[in-house]
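Below is one structure, written out as C-alpha cells; comments come after it.
Derivation of every value follows stated rules applied to the coordinates shown; laboratory data play no part. If you're wondering where the values come from, they're calculated on a predicted model, not measured in any experiment. Note: ideal-geometry Cβ built from the backbone for every residue, glycine included; neighbour counts use all protein chains shown.
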Amino acid sequence: MSAKPVKTIIASGSEIFIPLSKLKKSPRNARKTPHSEAAIEGYASSIAAKGILQNLVVEPEFDAEGVATGFYFVTIGEGRRLAQLLRMKRKEIKKTEPIRCIVDTVNDAFEISLDENVTREDMHPADQFEAFKKLADERGFGAEEIAARFGVTPNVVHQRLRLGAISPKLMQAYRDGELCLDQLAAFAITDDHVRQEAVYERLSYNRDASTIRRLLTETHVPATDRRARFVGIEAYTEAGGTVLRDLFTEDRGGYLEDVALLNGLVTAKLGSEADRLREAEGWKWTEAQLDFPHAHGMRRIYPHSVELSAKDERALKVAQSQIDQLTEQYQTVDELSDDVDAQFGELEAEIERLEAKRQAYDPDDIARSGAFVILNHDGTIRIERGFVRSGDEKPQSEAEQESRDRSRNGSHDADGQSMQDNAAGAEVASEEADDRPLSDALVRDITAHRTLGLRLNLSEQPEVAIVAVMHALAAQIFYLGADAHVVGIRPVKTDLAAHAEGIEDTPPGKAWADRHANWARQMPRDVTELWTFVAELDHDSRMGLFAHCVALTVNAVILPSERRPRALVTADQLAEAVSLDMTGYWRPTVRSYLGRITKARILEAVSEGVSGEAAERMVDMKKPDMAEAAEQLLATTGWLPILLRTAKPSPDVRGVTNVPPDSEIVQDAAE
C-alpha cells in the first residue's frame, strides 16, 4: 500500500498568498449572522479601488486523519473573502486570485474571531463625514467616484458631504453628545453656518429635528405652497430663484429661498390671468388677489338662467350620447386605458363647458361689474364674478325715490290724501298754504304708533311673521347695503376662510357656494320686489330659503380669545338636532390635522381608529413619516377628533344639557 502524501504545514505567523478557491468559511467563526449584501458590496468596491488593506487570518484544514487538505479556514476576514467571491462572479478576478493571508495555528480560532468583532471601536460618524468632505475638497473626487470606491450609493455620499459641511461648532456638539444624528441632519438643510448657529442658540428644551428644520426654513416657502405650485419650480428657477433641498427627509420638492421673487411671479401671473379674463368676458374691471377680499363691501350680482342655443343644445346631446356609449362599453372594465380615460375627460369637460352656458350675466351687469381672480390653496385659479362698486351702481329706482319722498312728506291713505291734509282742521290756513314737510319729531311720533300697530297685528299672524323674518334675512344677505328690512333681525356672518385656510376650495365649501349662488340667482333684481318674492314662495321653498339664511349665521368656531361655553353647548345640541356626521365633510390628512399635532396624538388617533398594534408599529417613525402613514391608515375608518364628533342623542334625556365649567370647554378645544 502506497503512503498518503503529506501536505507541508506552514508555520504559524507566516504570511502567504493563497488562491481564492482554496479559502473556506471557518466553522468556528463567532459571527453567525451573515454579512448584509450592502456590506459585501462595500467591501468589493473598496477592494477593487484600493486592494485588500488588511490581511485575512487563516488556519489550515485537516481531514479526519489529521492530514492537511490544502484548504484554509478564514478565521478573520470572512467579509473580504465573500467580497472577492462576488468580484469573481462578476468576472473581475479569477478563482485563482492570490489572497494575502496570515497563518495562525497558535491562538484559538473562535476566540480571535470574537476578539476581532468585539475589541474595536468604530470611527466616529463626525470623522467619517469630514473625511468624505476632504476627499471631495482636496482630491477632487465627485460623489459618483467616492460612491464607487466605498461601495455606497451616490445619495449616501451626498448626505455625508452635506453633514461634513456643518458648522464646526455644531459638529463638536455632535461629538460631545449634545446633538444626535437626526438633529445634526436637520441642520444640514442649509450650508449657512451663521444661520445654523443662530438656530442652535434659539433651541430650548424642544430640540426635535422637525423643529430645527422649521426654524431653518421659516423664511422660505415650501415647494408644496400654493404660490410655488401656481408659478412652477421651473419658471421660478429660470427667473433666478434657488431651491433648498433636504437630503435626509422627503422634502416634497424642497424650499424656495427667494420669497420676494416668488411673490413677484405670482402677482404677475395672476395679473395676466385677470387681464385675459377682462378681455375675454368684457367685465368693467378685474382684480388679482391672493385671497378673496371678504371685506370688499360690494354688492354682488349673480347670473340668471338662459336657454342654450340650438347649436349648443345639439353639441350637448352629442357629447352626452358619446359618454353614455363609452360608459356602457367599459362598464365591466376594472381599469381604463390612458386613451379611454382621456376620452372620458374630454367629454366631461365639454359637457361641463356647455352646461355652464345655461347661466349668464346681463350685458349691462357685465359692463358695470367686475371679477376677482383668486389663488386657491391647491395652486389653481378661482374666479368670483359679478361685484358692483358703489360708484357703478344704477341710479335710484322710482320705487325707492317714492319711498323716500313719503318719509319726508308723510304717508298717504288709500285715496291718495295725505295724513297732513286729514289733520288740517288743527292747523291754521297759512300753514296749510306753506305745504311744508312734517317735522322730524312728528314723523317719529306717528311712525312709532304705526310700528306698534304692526307689532300687534304681526304677533297674531305667524305665517306673515315668517315672511317678515325671511325678508329681513334675505334683504341683508343678498342685497348688501340696501337697508330694505323692517324687522330688526340682523344676520351675523362669520368668515370661515379667516379661520381655516383653503376651506372655500374643499368639496363642502364649494357645495355651500353653489347653494348660495343658486338662491342668489332667484332673487329679484330690485330689493323692493323682495317682499312679494318671499310671500309668493310655496311653503317648502320658503322654508328652504329660511334654513339657508339661518345656516349662514351659524358660528361654532372656537377662538382662544373667546369664552362661550353655553354657545358651544348649543352648537353640540344643534349638531345632534341636525344629525351632523362630519365624516361626510372632513377627513384627517397631513394637511388638515395629522401634520399639525404631536406624535403622541397621532399614535392616539391610530390606536382609536385602527388598532393599538398599528400604533405600536409606528412608534419609532419620524413625525412626517408617521403623519403620512396615519393618513393612509385612517382614510377609510371614519375616525374623527373629539371636536368633530357628534354625540348620539339619548331618548331618556330631556331638558337642557348642563353647562360644563369654562375650564373643561377650553381643555376640549385644546384637544
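The order of the peptides 635-643, 268-276 by mean Cβ neighbours within 10 Å, most packed first, is 268-276, 635-643.
Could you order the peptides 493-499, 582-588, 184-190 from most to least packed, using the average number of other C-beta atoms within 10 Å per residue?
Working: 493-499: 13.0, 582-588: 15.6, 184-190: 23.9.
Per-residue Cβ counts within 10 Å, averaged per peptide and sorted highest first, yield 184-190, 582-588, 493-499.
Here each label is just a point 7 Å from Cα along the line to Cβ, and for GLN461 and HIS193 those points are 8.6 nm apart. Bridging of LYS284 to aspartates and glutamates at a Cα separation below 16 Å is possible for GLU273, ASP275, ASP362, ASP364, ASP365, GLU384, ASP392, GLU393, once same-chain residues fewer than 8 apart are set aside.
Projecting label points 7 angstrom from Cα along Cα→Cβ for ASP208 and ALA235 puts them 3.5 nm apart. Histogrammed with a bin width of 10 Å, the alpha carbon distances of the range 146-290 distribute as 10, 31, 27, 17, 9, 5, 1 percent, first bin at zero. Picking from ALA209, ALA64, LEU316, whose Cα lies most toward the positive end of the charge dipole for the chain (charges on Cβ: Lys, Arg +1; Asp, Glu -1)? Value: ALA64.
Electrostatic bookkeeping for ALA109 treats Lys and Arg as +1 and Asp and Glu as -1; over the other residues with beta carbon under 14 Å from its beta carbon, the sum is -4.
Inter-part distance, the range 214-234 to the range 242-278, computed on C-alpha centroids, equals 6 Å.
Placing dummy labels 7 Å off each Cα toward the beta-carbon, the span from ILE642 to LYS394 is 5.5 nm. Dipole check for the range 15-118: with +1 at the C-beta of Lys and Arg, -1 at the C-beta of Asp and Glu, and the Cα centre as origin, the magnitude is about 700 Debye. Fully extending the segment from ALA551 to ASP275 would add 95.8 nm, taking 0.36 nm per residue of separation and subtracting the current Cα-Cα distance.
Seen from every direction in turn and averaged, the convex hull around the alpha carbons of the range 212-299 projects onto 7.8 nm².
Less than 5 angstrom separates the built amide H of THR286 from those of ALA371, all sequence-distant by 5 or more or on a different chain.
Return the whole-Å distance between the Cα centroid of the range 319-376 and the Cα centroid of the range 22-97. One Cα centre to the other: 68 Å. Put a plus charge on the Cβ of each Lys and Arg, a minus charge on the Cβ of each Asp and Glu, and nothing anywhere else: the dipole of the chain about its Cα centre is then about 3340 debye.
Rounded, prolate or oblate, given the Cα gyration tensor of the range 193-255, with a/c below 1.5 counting as rounded? Before the final figure, lay out the partial values.
Working: a/c = 2.66, a/b = 2.08, b/c = 1.28.
Prolate is the answer for the range 193-255, as a/c is 1.5 or above and a/b outweighs b/c.
Which of LYS510/LYS623; LYS24/LYS50; LYS50/LYS134 have a Cα-Cα distance over 28 Å? Please list the in-between numbers first.
Working: LYS510/LYS623 32 Å; LYS24/LYS50 23 Å; LYS50/LYS134 18 Å.
Beyond 28 Å: LYS510/LYS623.
Which of the peptides 325-332, 545-552 is most tightly packed, and how do the rest follow, judged by the mean count of other Cβ atoms within 10 Å per residue? Spell out each step's value before the answer.
Working: 325-332: 10.6, 545-552: 16.1.
Per-residue mean Cβ counts within 10 Å order the peptides as 545-552, 325-332.
The charge dipole of the range 58-188, taken about the Cα centre with unit charges on the Cβ atoms of Lys, Arg (+1) and Asp, Glu (-1), comes to about 980 debye, rounded to the nearest 20. Computed from the Cα positions only, the extents of the chain along the three principal axes stand at 160, 64, 56 Å, in decreasing order. If I model the range 461-551 as equal point scatterers sitting on the Cα atoms and use the Debye formula, what is log10 I(q)/I(0) at q = 0.12, 0.23 Å⁻¹? Log10 of I(q)/I(0), two decimals: -0.40, -1.21. The range 455-518 and the range 183-197 have Cα centres spaced 53 Å apart.
Within the shell of other residues whose beta carbon sits under 14 angstrom from the beta carbon of LEU375, the net charge comes to -4, with Lys and Arg scored +1 and Asp and Glu -1. Over all other residues within a Cβ to Cβ distance under 15 Å of ASP365, the charged ones net out to +3, with Lys and Arg as +1 and Asp and Glu as -1.
Using a Förster distance of 41 angstrom, determine the FRET efficiency expected from the C-beta separation of THR532 and VAL259, and round it to 0.05. Provide the component values of the computation, followed by the final result.
On the way: r = 54 Å, r/R0 = 1.32.
It comes to 0.15.
Got a sec? Which residues in the range 322-350 would a label at LYS311 touch, if it sits 7 Å along Cα→Cβ and we count backbone N under 19 Å? Counting backbone N atoms under 19 Å from the label point, the list is 350.
Which chymotrypsin sites (Phe, Trp or Tyr not before Pro) does the range 93-147 hold that lie in a coil by DSSP with at most 15 other beta carbons within 10 Å?
On the way: sites: PHE110, PHE129, PHE132, PHE141; in loops: PHE141.
Sites meeting the loop and neighbour criteria: none at all.
On the beta carbon distance between ASP445 and LEU326, with R0 = 45 Å, the FRET formula returns roughly 0.05. Judged by the gyration tensor of its Cα atoms, with axes a ≥ b ≥ c, the range 115-187 is oblate; a/c meets the 1.5 cut and b/c is at least as large as a/b. Kirkwood Rh over Cα pairs of the range 32-135 into Stokes-Einstein at 37 °C, 0.692 mPa s: D in µm²/s? Value of D from the Cα-based Kirkwood radius: 208 µm²/s.
Rounded to the nearest 0.05, the FRET efficiency derived from the C-beta distance between SER21 and LYS134 at R0 = 35 Å is 0.35.
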